[in-house]
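S.K.: Below are the structure tokens for one structure; questions will follow.
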Amino acid sequence: MNEKPQYSVMLFKAVSYVLKAEKILKKEGLPHKLIPVPKNISSDCGICLRFEPALQSKIEVALLNKVEIEEVRALKE
Amino acid sequence: MNRNIIYFDNAATSWPKPPEIIAAMQNYMQNIGGSPGRSGHRLSIEAARIVFDTREKISQLFNVPDPLRIVLTRNATEALNIAIFGFLKTGDHVITSGMEHNSVMRPLRAMEARGIDITVVSCDSEGILDPVNIVKAIKKNTKAIFITNASNVTGTVMPVSDIGRIAREHGLVLCVDAAQTAGCYPIDVIEMNIDLLAFTGHKALFGPSGTGGLYIREGLEKSIEPICVGGTGSRSEVEVQPDFMPDRFEAGTPNTVGIAGLRAGVEFILSKGVAQIKNKEEKLVQMFIDGVRELPGIILYGQKSMELRTPVVSFNIAGMDPAAVALDLDERFGIMSRSGLHCAPSAHKTIDTYPVGTVRFSFSYFNTEEQIITSIEALQKISKSRI
Ligand SMILES: Cc1ncc(COP(=O)(O)O)c(C=O)c1O
């Protein structure tokens, strides 16, 4: 019924980029969680950032020119 | 710690280390243990946080704008090998000084055999370099300047800021060997126009051996080929090395336990402040020099100014073999020093102590005035006993 995904994930080049993003988001007080990259999204090992879709633009602004984002995807449960 | 030991060999490797370093390494081994950047579980992430945080603290220390510009290596030697073998191409000309360590000279000489042209700019007998001579050495095909920040033989600090300005004006890349300065002398890669900064973790940064790194200015990584490629935990689906920082230069599982120690070391430096550390060490050097200056037969090498030197003093006692002096210092007085050429033959040629070398004392934040007094008394006795 409700088609909207509960979460989105943001993918980065490497774990160190995720951690750089994490530090910035913590400082900005933007809620997020580090999770292993779901296999249906990418075959790459490693981790990504999970967050509520409503926060996407705020997060993108916070990371602008600081951490390169690879892509943002809906996380379907 | 053995209270009777006086350790004056900190330019080789620092000892003792602050207790926080040992605690951080033990904590990683006991409670974390994961491989950074490889897996998604919490212990792997915790390990990756340690590594990232280390890059951040190092960046803070050297005023590096982005922690991902720091490549972590085994030591300064590996960092310099990346900068030299990865960056120079046949037909390039490079400029270096007559005070370099073999970790710069040997890779450069190896490149010379592959068609790189090298100019070694001489320094005066105190190891001081006149930047004008750098300008004079510039040719049409000059690509880079490789310079030590301070000599490991005399402690003489090189005019890196002036050289940085020259490099900028002439469009040259400046690579600085900070093995002797990182942690005990102020470094600002932006203000000094440093493009590549090689540092080691186990000297004045108080990390364990097996740690070090290379700062690479933004964009420059594209012109540097990695000298070691392999797994990085990133881009696993492709079989070519990632082109982004720092993964491009960090193949293989890192020395995470060492990096945990290095992080604690850099934290220690940041909490004390380089200025306070330098101040204390400067006093020790001054006190030592004042105490031995008048001893019969003593010959002191290097820069007179306390400001422009690291806590390293090279000396000889006329008529005595430096190796014999070092042995006597160890056996009779418990003083650990280093004699010989200190992996820097050209520096010894510059100060005219080749091939015999010198005795080198190198102090750290943990040495005391009492130890300096003991060492002055020891040298009094040794110099009296000569022939
Ligand atoms: C001036 C200088 N450069 C480079 C190095 C090399 O450092 P590492 O042996 O840690 O690679 C040293 C010390 O050994 C040094 O004193």
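None of the figures in this text is laboratory data; all of them are computed from the coordinates on show. A quick note: this is a predicted structure, and the numbers were derived from the prediction, not measured. Every residue, glycine as well, gets a Cβ built from its backbone with ideal geometry; the counts of neighbours run over all protein chains shown.
S.K.: Going down the list B:Lys283/B:Lys349; A:Lys26/A:Lys66; B:Lys57/B:Lys272; B:Lys89/B:Lys143, which pairs span over 18 Å between their C-alpha atoms?
M.R.: B:Lys283/B:Lys349
S.K.: Taking all pairs of distinct Cα atoms, average 1/r, flip it, and tell me the Kirkwood hydrodynamic radius of the protein assembly as shown in Å to one decimal place.
M.R.: 23.8 Å
S.K.: Calculate the FRET efficiency for B:Lys222 and B:Asp321 from the Cβ-Cβ distance with a Förster distance of 35 Å, rounded to the nearest 0.05.
M.R.: Using R0 = 35 Å, I get an efficiency of 0.10.
S.K.: Follow-up question, since we're still on this one. Within segment B:249-349, which GluC sites (Glu not before Pro) sit in a loop by DSSP and count at most 14 neighbouring Cβ atoms inside 10 Å?
M.R.: Those satisfying the criteria are B:Glu294, B:Glu307.
S.K.: Ok, one more. What are the semi-axes of the equivalent ellipsoid of segment B:1-131, taken as the square roots of 5 times the eigenvalues of the Cα gyration tensor, listed largest first and rounded to whole Å?
M.R.: The three semi-axes for segment B:1-131 are 36, 24, 14 Å.
S.K.: Here is a further query. Report the percentage of all Cα-Cα pairs in segment A:11-75 whose separation exceeds 18 Å, rounded to a whole percent.
M.R.: Distances greater than 18 Å cover 26 percent of the Cα pairs.
S.K.: Taking R0 as 41 Å, what's the FRET efficiency between B:Gln30 and B:Lys283 from their Cβ-Cβ distance, rounded to 0.05?
M.R.: E(calc), rounded to 0.05, equals 0.60.
S.K.: For segment B:40-89, just the Cα atoms, rotate onto the principal axes and tell me the three extents in Å, largest first.
M.R.: Largest to smallest, the principal-axis extents are 43, 24, 17 Å.
S.K.: For the residue pair B:Ser271 and B:Val135, what label-to-label distance in nm results when each label sits 7 Å from Cα along the Cα-to-beta-carbon direction?
M.R.: 4.6 nm
S.K.: I'd like the antiparallel share, as a percent to the nearest 5, of DSSP beta bridges with both residues in chain B.
M.R.: Here the share of antiparallel DSSP bridges comes out near 50 percent.
S.K.: Just want to confirm a number: the relative contact order over chain B, from Cα pairs under 8 angstrom separated by 6+ residues, in percent.
M.R.: 23 percent
S.K.: If you take the beta carbon distance between A:Leu55 and B:Thr253 as r and set R0 to 41 Å, what does 1/(1 + (r/R0)^6) give as a FRET efficiency, to the nearest 0.05?
M.R.: Calculated transfer efficiency: 0.75.
S.K.: Of the candidates B:Arg109, B:Arg217, B:Arg360, which one comes out as most mobile in a Gaussian network treatment of chain B with C-alpha springs shorter than 10 Å?
M.R.: In this elastic network of chain B, the residue with the biggest mean-square fluctuation among B:Arg109, B:Arg217, B:Arg360 is B:Arg109.
S.K.: Quick check on chain B: what does the Kirkwood estimate of hydrodynamic radius come out to from the alpha carbon pairs, in Å?
M.R.: That comes to 21.6 Å for chain B.
S.K.: Taking chain B as a Gaussian network, Cα atoms linked when under 10 Å apart, which of B:Asn27, B:Asn152, B:Asn193 shows the biggest mean-square fluctuation?
M.R.: Of B:Asn27, B:Asn152, B:Asn193, the Gaussian network model singles out B:Asn27 as fluctuating most.
S.K.: Something else now. Do any trypsin sites (Lys or Arg not before Pro) in segment B:1-74 lie in a loop, going by DSSP, with at most 13 other beta-carbon atoms within 10 Å of their beta carbon, and if so which?
M.R.: Taking segment B:1-74 and a limit of 13 other Cβ atoms within 10 Å, the loop trypsin sites (Lys or Arg not before Pro) found are B:Arg3.
S.K.: Taking Cα centroids, how far is segment B:72-117 from segment B:294-367 in Å?
M.R.: Centre-to-centre distance over Cα atoms comes out at 27 Å.
S.K.: 222 nm [θ] for the protein assembly as shown, helices only, -39500 (n - 2.57) per DSSP H run of 4+, per residue, to 500?
M.R.: Result for the protein assembly as shown, helices only: -11000 deg cm²/dmol.
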